[in-house]
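The values are calculated or read from the model by the stated rules, or taken from the named source; none is laboratory data. None of the values given here were measured: they were computed from a predicted structure. Every residue, glycine as well, gets a Cβ built from its backbone with ideal geometry; the counts of neighbours run over all protein chains shown.
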Amino acid sequence: MQPKIIAVDFDGTIVAHQYPVIGRPNPKAIKVLRRLMAEGHRLMLWTMRSGDELDEAVAYCLANGVTFEAGINENATQYTWTSSPKQYAHLYIDDAALGCPTLFDKATQRLWVNWNDVEGILQRIGYLT
């Protein structure tokens, strides 16, 4: 499979919702994101965070071995072929996306991504081996 661009949200996806602070880690998020990177896919951070809060989220990910080669809140290469403001990716992983597998987090009283199910889906569609 050719490498894909995968947009990933931060709050409720990589960590629990506790904005503006960084919430506790979603147990399997970093592991799956590292696997995607190891298999050649390019990640894009796709979050509502900005300023210092965005810098903190990026630093958290970098400290955990996750980089965003496709961009941070933008697809760094799409402007060579479109003027659309929507960030292009092959796949979006976001707790607020309809159809994204989620679990209810009792601590924050919000949904967050079920990375066990996401990992299974990524394997079934060939994004992970």
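Points to keep in mind about this one:
- Long-range neighbours under 6 Å by Cβ, at least six apart or interchain, first residue more than 17 Å from Ile5 (Cβ to Cβ) within segment 52-78, second polar (S, T, N, Q) and loosely packed, with under 12 Cβ neighbours inside 10 Å: none
- Where Ala97 falls short, out of the listed (1) crowded, with 19+ Cβ neighbours inside 10 Å; (2) in a loop (DSSP other than H, G, I, E, B): (1)
- Looking only at residues of segment 4-14 that are part of a strand (DSSP E or B) and either of a type in the set (Phe, Trp, Tyr) or touching a strand residue (DSSP E or B) at 6+ places or on another chain (Cβ under 7 Å) (or both), we find that the one that is farthest from Ile93 (Cα to Cα) is Ile5.
- In segment 55-80, of all residues being of a type in the set (Val, Ile, Thr) and assigned to a loop (DSSP other than H, G, I, E, B), the one that is farthest from the chain's Cα centre (by Cα) corresponds to Thr77.
Conditions tested, residue by residue: (1) closer than 17 Å to Tyr127 by Cβ; (2) in a loop (DSSP other than H, G, I, E, B); (3) at pLDDT below 95.
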residue: His17; (1), (2), (3): no, yes, no
residue: Gly23; (1), (2), (3): no, yes, no
residue: Met37; (1), (2), (3): yes, no, no
residue: Arg49; (1), (2), (3): no, yes, no
residue: Glu53; (1), (2), (3): no, no, no
residue: Thr82; (1), (2), (3): no, yes, yes
residue: Gln87; (1), (2), (3): no, yes, yes
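- Pairs, first aliphatic (A, V, I, L, M) in segment 97-112, second assigned to a loop (DSSP other than H, G, I, E, B) and surrounded by fewer than 16 Cβ atoms within 10 Å (Cβ to Cβ), C-beta under 9 Å, six or more apart: Ala107/Gln18; Ala107/Arg24; Leu111/Ala96
- Of the residues making up segment 15-44, those that are in contact (Cβ under 8 Å) with a residue 60 or more places away in the chain and either in contact with a strand residue (DSSP E or B) (Cβ under 8 Å, 6 or more places away or on another chain) or under 16 Å from Ala59 (Cβ atoms) (or both) are Ala16, His17, Gln18, Gly23, Arg24, Asn26, Ala29, Leu36, His41.
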